[in-house]
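Let me begin by presenting the structure, written as structure tokens, before commenting on it.
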Amino acid sequence: MIKMYFRLRSIAIFTYRQIMEELVEQTISNVNFNKELQQITEFYKCTFEYCDFQNAAMVDLIFTNCEFKSCNLSNIKLKGTQLDHVIFQDCKMLGIQFNECSSFSFHIQMKNTILDYASFFERNMKKFKFEQCSLQHVDFEKANLQQAIFKDCNFLNARFHQCNLEGCDFRTSVHIQMDPETNRMKKSKFEPEQLPGLLAKYQLLID
């Protein structure tokens with residue numbers, strides 16, 4: 001009887017830990033990255049609303065088919081974290097090093113989000129979509145942005161170097177400056193008024 005009791009108790013503890021480590025189809029609102037959330041390692045189809053996770057260490061986590069709305073995520077640490085089809089909308093995300101995320105199933109979508117001073121160094125972002133985003137001082141060095149869509153984005157002082165920009169659509173964005181000699185840009189889409197940003201290093205006077 002005693003042996004059976006301990007066995008049942010162990011099973012109960014194991015089941016409890018499994019539940020605590022995964023959160024499925026939940027809406028999380030108006031919280032910070034508290035101790036309860038820190039116990040969870042996997043989030044599936046969860047929605048985060050009006051949360052303040054600024055400076056949180058969100059490392060080695062898995063977010064799958066999740067959505068963040070109106071959240072402050074500035075300077076969060078994402079080392080080893082998996083972002084698998086995650087949408088960020090109306091969020092503040094200053095200074096995030098996306099290059100430290102897991103490369104496995106990395107897929108994000110941004111809408112009306114501030115991403116200033118972020119880094120996408122060497123990220124594979126083929127066909128990703130950024131809509132109405134601030135991308136000032138963002139580092140895209142060596143990123144694969146093939147066929148990505150940037151709609152109504154601000155690229156002031158953003159850095160493009162050794163990027164694959166083939167087929168990208170920049171037509172509705174502003175403050176674009178990049179060097180066609182150091183980036184792959186075949187069939188990228190621009191408006192005529194954006195061309196000076198592609199010729200800046202030549203210091204041409206274009207009227």
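The values are calculated or read from the model by the stated rules, or taken from the named source; none is laboratory data. Quantities reported herein were computed from a predicted structural model and do not represent experimental measurements. Using ideal geometry, Cβ is built from the backbone for each residue, glycine included, and neighbour counts are taken over all protein chains shown.
Values for this structure:
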{"read-out": "Subset of segment 155-179 [over 22 Å from PHE106 (Cβ atoms) and in contact with a Leu (Cβ under 6 Å, 6 or more places away or on another chain)]", "value": "HIS175"}
{"read-out": "Complete set of residues in segment 91-111 that are touching a Phe, Trp or Tyr at 6+ places or on another chain (Cβ under 9 Å) and at positive phi", "value": "GLY95"}
{"read-out": "Failed item in (1) in contact with a strand residue (DSSP E or B) (Cβ under 9 Å, 6 or more places away or on another chain); (2) under 22 Å from ASN99 (Cβ atoms), with SER188 passing the rest", "value": "(2)"}
{"read-out": "Scope segment 172-186; condition loosely packed, with under 15 Cβ neighbours inside 10 Å and within 22 Å of the chain's Cα centre (by Cα); matching residues", "value": "VAL174, HIS175"}
{"read-out": "Any hit, segment 146-166, residues being among the acidic types (Asp, Glu) and more than 29 Å from TYR44 (Cβ to Cβ)", "value": "yes"}
{"read-out": "Within segment 41-81, tally of residues that are more than 21 Å from LYS111 (Cβ to Cβ) and surrounded by 17 or more Cβ atoms within 10 Å (Cβ to Cβ)", "value": "3"}
{"read-out": "Of residues in segment 64-102 being among the hydroxyl-bearing types (Ser, Thr, Tyr) and over 12 Å from the mean Cα position of the chain (by Cα), the one farthest from LYS126 (Cα to Cα)", "value": "SER70"}
{"read-out": "Filtered residue count, segment 104-153, keeping only those that are among the small types (Gly, Ala, Ser) and assigned to a strand (DSSP E or B)", "value": "2"}
{"read-out": "Unique match (being touching a Phe, Trp or Tyr at 6+ places or on another chain (Cβ under 9 Å) and either β-branched (Val, Ile, Thr) or closer than 20 Å to ASN99 by Cα (or both)) among SER70, SER74, SER29", "value": "SER74"}
{"read-out": "In segment 61-103, the residues that are modelled with pLDDT of 95 or more, of a type outside the set (A, V, I, L, M, F, W, C) and assigned to a loop (DSSP other than H, G, I, E, B)", "value": "ASN65, SER70, SER74, ASN75, LYS79, GLY80, THR81, ASP90, GLY95, SER102"}
